[in-house]
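All remarks here apply to the structure that follows.
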Amino acid sequence: MALEDPLAPPASEAGALQQIPTTLHINGIPHELLLAPWVILLDLLREQLQLTGTKKGCDHGQCGACTVLVGGRRIKSCLCLAVSYDGADITTVEGLADRDTGALHPLQQAFIDHDAFQCGYCTPGQLCSAVGLLNEHPPASRREIRERMSGNLCRCGAYAQIVEAIAEVAGLAERGQEPS
């Protein structure tokens, strides 16, 4: 009689360890994948699909470096199980530029024009979060931009330039002509 492994899951849980067929539409490209149910979306993007623009910062959803867009809405990919997004449209920083022409997204160009990055580590998450912010509804002020971007940290302190870049794309008046 064979001994059972005391660390093995009970037979009733064995099915939970199987890989799950999952289709993710990432940056307009469908990916048919077999995923373990515990694979985190951030790890899938970086390690399996080699989309390394999305950064791993805190791994706790507190810094925003891992922000991507799902259906145009921003999420922190370090907190999400990849299988939960079966069939979803996911956009990473690599997918913001126009695929056909290579033209930068207006926010990418505004970040360049306003020097809205220093080391650049947070920039992919800042950009995806800013796109999501504009998709939600246009901000009425720079104060609102600061509040709505507060989930994305920049250790270099480029916040003023980030806000100005977003304000430009949002069509806000020049500095000083609207409530702060």
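None of the figures in this text is laboratory data; all of them are computed from the coordinates on show. Computed from a predicted model, the values in this text were never measured in an experiment. So basically every Cβ, Gly included, is an ideal-geometry build from the backbone, and we count neighbours across all protein chains shown.
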Ser84 and Glu136 label points (each 7 Å along its Cα→Cβ direction) are spaced in nm at 1.8 nm
Beta bridges by DSSP in the chain, antiparallel share as percent, to the nearest 5: 90 percent
Furthest towards positive pole of dipole, Gln18, Tyr159, Phe117, structure part the chain, Cβ charges: Tyr159
So for Ile20, Ile40, fewest C-beta neighbours within 10 Å to most, what's the order? Ile20, Ile40
To the nearest 20 debye, what charge dipole does the chain have about its Cα centre, counting +1 at the Cβ of each Lys and Arg and -1 at the Cβ of each Asp and Glu? 500 debye
Spin-label pair Cys119/Gln48, simplified geometry with 7 Å Cα→Cβ offset, distance in nm: 2.9 nm
Quick one: angle between helix 159-170 and the longest Cα principal axis of the chain, in degrees between 0 and 90, rounded to 10, please. 80 degrees
Please work out the FRET efficiency for the pair Cys58 and Trp38, using the Cβ-Cβ distance as r and a Förster radius of 25 Å; give the result to the nearest 0.05. 0.85
